[in-house]
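Please read the structure below before turning to the comments.
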Amino acid sequence: MIHVQQILKEYLELHGYWVLFIGTFLEGEAILLLAGFLAFRGYLDVFGVICTAWAGSFLGDQCYFYLGRLKGRGLLKRFHSIARKFREALRLIEKYGNFVAFISRFTYGFRIVLPIILGITNLAPRTFLWINLISALTWSIVFSLGGYLFGKSASLVFDNVSNYEHYLVLVLFCFIFLAWCVHAYHVWKLKKPARERLARIRALQALRRVPS
């Protein structure tokens, strides 16, 4: 068991930060929570985790912002998933203004779309850069320490955390999955009136097509 843990530690020291960087560049909450836990276990350095996640998250949103600025209109026409969220994102921007740039990475389902749409708007690149820097740092600290404190809390319950390491990782993933399910249900419930209106419209259209 000790030999396996040593191999895992050496592997993570070599590749863990690159995997974390790519994960946070794309999305990242789950992998960052896991990295925070691994930092508590000593496989990674918590300061290195925060800095890597900060860099990946910041550079990811910068790329999405400039993707929106350069190719945004074309993306709206080509990708229906972005177009569907466009109006919702605009409502968020109208309601919260530039603060949307700060909360974009905390809004599940809009993590990538919001920076792209912000790039389409007239938000100044320099303004987005500074907001993005602060937002990425806040996000990195919150989720890194979330995983780290999860491990810390487990150490108060179990005498030897290493004996339960695999189970704790499984519990962490179950918690993430449960949070995702709750969010998905909330979104589904919010969209229920719109689905019912659409169903009524389709039913009326079907009745009109029926010959009298």
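Consider Leu90 carefully, then state whether it is surrounded by fewer than 16 Cβ atoms within 10 Å (Cβ to Cβ) and either modelled with pLDDT of 75 or more or in a helix (DSSP H, G or I) (or both).
The answer is yes for Leu90.
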- Task: Could you please find all residues in the stretch 18-43 being of a type in the set (Asp, Glu) and surrounded by 23 or more Cβ atoms within 10 Å (Cβ to Cβ)?
- Result: none
- Matching residues in the stretch 109-137 (among the aromatic types (Phe, Trp, Tyr) and either part of a loop (DSSP other than H, G, I, E, B) or surrounded by 14 or more Cβ atoms within 10 Å (Cβ to Cβ) (or both)) number 2
- Task: Identify the residue in the stretch 44-75 that is over 22 Å from Leu133 (Cβ atoms) and free of Cβ contacts under 8 Å to residues at least 40 places away in the same chain and, among all such residues, is surrounded by the most Cβ atoms within 10 Å (Cβ to Cβ).
- Result: Leu44
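Taking the stated definitions as given, is Thr107 out of contact with any Pro (no Cβ under 7 Å at 6 or more places or on another chain), under 30 Å from Leu168 (Cα atoms), without any contact (Cβ under 8 Å) to a residue 60 or more places away in the chain and not aliphatic (A, V, I, L, M)?
yes
Checking the structure you have, find out if any residue of the stretch 68-78 is within 27 Å of Val142 (Cβ to Cβ), part of a helix (DSSP H, G or I) and at pLDDT 80 or above.
Checking the stretch 68-78: at least one residue is within 27 Å of Val142 (Cβ to Cβ), part of a helix (DSSP H, G or I) and at pLDDT 80 or above.
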- Query: Is it the case that the stretch 138-161 has a residue that's modelled with pLDDT of 90 or more, over 18 Å from Leu20 (Cα atoms) and in a helix (DSSP H, G or I)?
  - Reply: no
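The values are calculated or read from the model by the stated rules, or taken from the named source; none is laboratory data. Quantities reported herein were computed from a predicted structural model and do not represent experimental measurements. Neighbour counts are summed over all protein chains in view; Cβ atoms, including those assigned to glycine, are modelled from backbone coordinates with ideal geometry.
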